[in-house]
1. Mind checking whether some residue in the stretch 107-125 is touching a residue at least 60 places away in the same chain (Cβ under 8 Å) and surrounded by fewer than 13 Cβ atoms within 10 Å (Cβ to Cβ)?
2. Yes or no: V92 assigned to a strand (DSSP E or B), of a type outside the set (D, E), within 21 Å of F139 (Cβ to Cβ) and at pLDDT 95 or above?
3. What pairs come up if the first residue lies in the stretch 41-64 and is within 20 Å of P126 (Cβ to Cβ) and open to solvent by 70 Å² or more (accessible area, probe 1.4 Å), the second is in a strand (DSSP E or B) and not aliphatic (A, V, I, L, M), and their beta carbons are under 8 Å apart, counting only those six or more places apart or on different chains?
4. Going by the structure shown, is S86 among the small types (G, A, S), in a helix (DSSP H, G or I), open to solvent by 60 Å² or more (accessible area, probe 1.4 Å) and farther than 17 Å from S136 by Cβ?
5. In this structure, does G138 turn out to be on the phi > 0 side of the Ramachandran plot, in contact with a Phe, Trp or Tyr (Cβ under 9 Å, 6 or more places away or on another chain) and open to solvent by less than 50 Å² (accessible area, probe 1.4 Å)?
6. Just to be sure I understand the filter: pairs with C-beta atoms under 6 Å, separated by 6 or more residues or on different chains, first member in the stretch 71-98 and more than 16 Å from L114 (Cα to Cα) and touching a residue at least 24 places away in the same chain (Cβ under 8 Å), second member open to solvent by 20 Å² or more (accessible area, probe 1.4 Å) and β-branched (V, I, T). Which pairs pass?
7. Any residue at all in the stretch 115-128 that is of a type in the set (K, R), assigned to a loop (DSSP other than H, G, I, E, B) and closer than 16 Å to D37 by Cα?
Amino acid sequence: MNTQTIPANDPVFHVLTAPSYPLDSHAAAVFGAVEVDVITILGPFVARDSKGRIWPVISATIEKTSCIADLYVNLDRSGAREQRVSDDDVFVDEVMSRLRAAGYTGEDFGRAELGMQGDKCVVLEPNGDFTAFAQSKGFILNDD
């Protein structure tokens, strides 16, 4: 298990949270740096986008405990938000190809809400197929 300290000023963690939902650790990071237990799903690799730009990926992680196993694709360079990498089909396909090589067999992911996207982090939202795969890696579904 890895632990990441999340800086509160990183825009990826300024998420919209409906009042009826409990505040998750990423949303809580708005109020100060917190430690989040993460599971590394993919190690370093390089992905390209539809314009041929190279995006070095440090890792793709999920929170150890959450109600959704969003995939955080952590980049080694900035500019992802401005370039809308989260909406780039070629980039997402390359991430999905890596996931499949790691054993995932379900449907493709879509991008998570724009408010979750960061300058050096692309957040992809899985469908239900990913939960079983994530649980095989140590993910704990928190359905409270």
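The values are calculated or read from the model by the stated rules, or taken from the named source; none is laboratory data. All of these numbers come straight from a predicted model, not from anything done at the bench. Every residue, glycine as well, gets a Cβ built from its backbone with ideal geometry; the counts of neighbours run over all protein chains shown. Note: areas computed on protein heavy atoms with side chains; ligands, DNA, RNA excluded. Shrake-Rupley method; radii C 1.70, N 1.55, O 1.52, S 1.80 Å.
1. Within the stretch 107-125 (the criterion being touching a residue at least 60 places away in the same chain (Cβ under 8 Å) and surrounded by fewer than 13 Cβ atoms within 10 Å (Cβ to Cβ)), the answer is yes, since at least one residue qualifies.
2. Values: assigned to a strand (DSSP E or B): no; of a type outside the set (D, E): yes; within 21 Å of F139 (Cβ to Cβ): yes; at pLDDT 95 or above: yes.
The answer is no for V92.
3. I58/N74
4. Details: among the small types (G, A, S): yes; in a helix (DSSP H, G or I): yes; open to solvent by 60 Å² or more (accessible area, probe 1.4 Å): no; farther than 17 Å from S136 by Cβ: yes.
So S86 does not fit the description; no.
5. On the way: on the phi > 0 side of the Ramachandran plot: yes; in contact with a Phe, Trp or Tyr (Cβ under 9 Å, 6 or more places away or on another chain): no; open to solvent by less than 50 Å² (accessible area, probe 1.4 Å): yes.
Taking the combined requirement at face value, the residue does not satisfy it.
6. D76/I58
7. Filtering the stretch 115-128 for residues of a type in the set (K, R) gives 120.
Next, only the ones that are assigned to a loop (DSSP other than H, G, I, E, B) stay: 120.
From what's left, closer than 16 Å to D37 by Cα: none.
Within the stretch 115-128, not a single residue is of a type in the set (K, R), assigned to a loop (DSSP other than H, G, I, E, B) and closer than 16 Å to D37 by Cα.
Let's see how each residue does on (1) over 25 Å from A132 (Cβ atoms); (2) small (G, A, S):
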{"site": "Y72", "(1), (2)": "no, no"}
{"site": "D76", "(1), (2)": "yes, no"}
{"site": "G79", "(1), (2)": "yes, yes"}
{"site": "V92", "(1), (2)": "no, no"}
